[in-house]
Amino acid sequence: MAHPHPAHTHPHHADHEHGKPLIRFDHASFRYPHGLALEDITLEIADGEFVGVIGPNGSGKTTLLRAILGLMPPTTGSLRIFTAPGSATSRRSAPWTRTSRSPRARPC
C-alpha cells in the first residue's frame, strides 16, 4: 500500500535545505550580573531538526532560548543565526553574528 503522505509535499519543504545550519554556538558563555549562566556551549542546530531543551531549574534553558532569540549576547565565544530561505527573516542580511570577547561587549 502506498504511503498516504508522499515525501516533501508540504509547501515549506521545497525551499528548505535540510541539514543546513540555522543556529551555531561556538564556545559561547553567558553571564548575568549575579554569575555565570552557561559556560562554553558548542552546539549546531540544522534545518529540519527538532530539538527539545530539558533540565532542572537553573540549568540555563531560558538563557539558551533568550540567546537564540537575540535577547542576550554571549559574554565569550560566538552565536550565529542563519536565516532559512523563503522565511520572513530572509529579508534581513544573513547570516548575522553576535560575538563577544569581553563582558563589556555589546550585541552587533
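The numbers here are math on the coordinates, done by the rules we state, and not lab data. Remember, predicted model here, so these are calculated numbers, not experimental data. Virtual Cβ from ideal backbone geometry, glycine too; neighbours counted across all protein chains shown.
Here are a few things to note about the model shown:
- Working note: Karplus 6.51/-1.76/1.60 with θ = phi - 60° gives the range 68-81 the couplings 4, 6, x, 8, 8, x, x, 6, 9, x, 9, 9, 10, 10 Hz, where Gly and Pro are set to x.
- In Hz, Karplus ³J(HN,Hα) per residue of the range 29-37 (6.51, -1.76, 1.60; θ = phi - 60°; x = Gly, Pro): 10, 10, 10, 9, x, 7, x, 6, 9
- With a cut-off of 9 Å between beta carbons, the residues surrounding Ser29 carry a summed charge of -1, where Lys and Arg count +1 and Asp and Glu -1.
- Close amide H partners of Thr75, meaning residues 5 or more places away or on another chain with modelled amide H under 5 Å apart, are Ser29, Phe30, Arg31.
- Taking a sphere under 12 Å around the Cβ of Val53 and counting the other residues whose Cβ falls inside, with K and R at +1 and D and E at -1, yields a net charge of +2.
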